1. Mean residue ellipticity at 222 nm from the helices of the protein assembly as shown, using -39,500 (n - 2.57) per DSSP H segment of n ≥ 4 over the full residue count, to the nearest 500 deg cm²/dmol?
2. Ranking request for peptides B:58-69, B:177-188: highest mean number of other beta-carbon atoms within 10 Å first, then the rest in descending order.
3. From the protein chains alone at 1.4 Å, what is the descending order of accessible area for B:His56, A:His59, largest first?
4. What translational diffusion coefficient, to the nearest whole µm²/s, does chain A have by Stokes-Einstein, given a Kirkwood radius computed over alpha-carbon pairs, a temperature of 20 °C and 1.002 mPa s viscosity?
5. Keeping all protein chains in the complex and leaving out DNA, RNA and ligands, what accessible area do you get for B:Asp95 with a 1.4 Å probe, in Å² to the nearest 10?
6. For the stretch B:99-166, report the % of Cα-Cα distances exceeding 15 Å.
7. Using alpha carbons only, how many angstrom separate the centre of the stretch B:134-153 from the centre of the stretch B:45-78?
8. Highest GNM mean-square fluctuation, chain A, Cα pairs closer than 10 Å: which of A:Thr37, A:Thr47, A:Thr82?
Amino acid sequence: MSDSHAPASTYLWIWCWLAGLMLLGVAFSALPLSKSTIALAILTLSTVKAALVVLYYMHLKSDRRVLALVAVFPLVVIALATLLVLSSRLVTL
Amino acid sequence: MTAVVMHAHPAFGTGHAPVSATGVPSHKLGMWVFLASEVMFFTGLIAAYVVLRLSHPAWPGPEGHLSVALGTTNTLVLICSSMTMVMAFAQVQQDRQRSLRAFLTWTILLGCVFLGIKACEYRVKLTHHILPSTNVFWSCYYTLTGFHAVHVLGGIITNLWVLSLALRHRLTPAKGYVVELAGLYWHFVDIVWIFLFPLLYLI
């Protein structure tokens, strides 16, 4: 339940992680690596940051599983739709 | 149709609140379903951006007209505002009214700072005649950041309303769900920016 009283220190630590990961992403973007490697690394960092916000700030970690299903469902739908578009002959990549 | 029963729920203090058959308070379930629709909206826009980008062999890009420093600052501002928002929720649960008002005020101010920086960015681009019609990148940029800014504005207005309740001593621990629901929306807006920033500024 969201009535779990996470201590303020937990929220501060999550903030430190979010800020640190964000700065790491910015630093990574300046490295002389291929665009695809940089994109993969930075989007992975963004996914980790989003997960931290959802799990701790939105309390999904301690909430009921049904809310996780509600949150994940649209992502699955969009992922399927995107795969459908990318595999379509209408789109030239 | 989801059955609704009435029984005590810790999130509502000692009072009684409608709880759906899933065991989740109805307001909270409703907010998450609303956020799911918002996820569909933004993920659809982002997916369109990715498909457009992959299908353009010569992607124009920002060509040096986007400031990574300003984008980084704005990301930090939103991350800070998410922290102050969740702290506000923690304060209302413990009935610390002064801290609640302070954290809500900080959240609103940080949201305004974000919009102020975004407005400055828009102004600089417009003075350089960079418009949505300039090329496909700027069409995507204005669409994605414009819709996001509207959502930030919506969050600020919501938080102002919540602050007005706090100032009138209407937010007791039993009414803490009001802060929680406003916070869920605010954190969602933060998450959207967490993805928009690297997609538009870094990659």
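1. On the way: 8 runs with 203 residues, N = 296.
Value at 222 nm, helices only, nearest 500: -24500 deg cm²/dmol.
2. B:177-188, B:58-69
3. If we order B:His56, A:His59 from most to least accessible, we get B:His56, A:His59.
4. Stokes-Einstein gives a translational diffusion coefficient of 135 µm²/s.
5. In the full protein context, B:Asp95 sits at about 80 Å².
6. Working: 1346 of 2278 pairs.
When all Cα pairs of the stretch B:99-166 are counted, 59 percent exceed 15 Å.
7. The two parts, judged by their Cα centres, are 10 Å apart.
8. A:Thr82
The values are calculated or read from the model by the stated rules, or taken from the named source; none is laboratory data. Predicted model only: the values in this text are computed from it and were never measured. Cβ coordinates were reconstructed from backbone atoms using ideal geometry, including for glycine residues, and neighbour counts include every protein chain displayed. Only protein heavy atoms, including side chains, enter the accessible area calculation; ligands, DNA and RNA are left aside. Shrake-Rupley method; radii C 1.70, N 1.55, O 1.52, S 1.80 Å.
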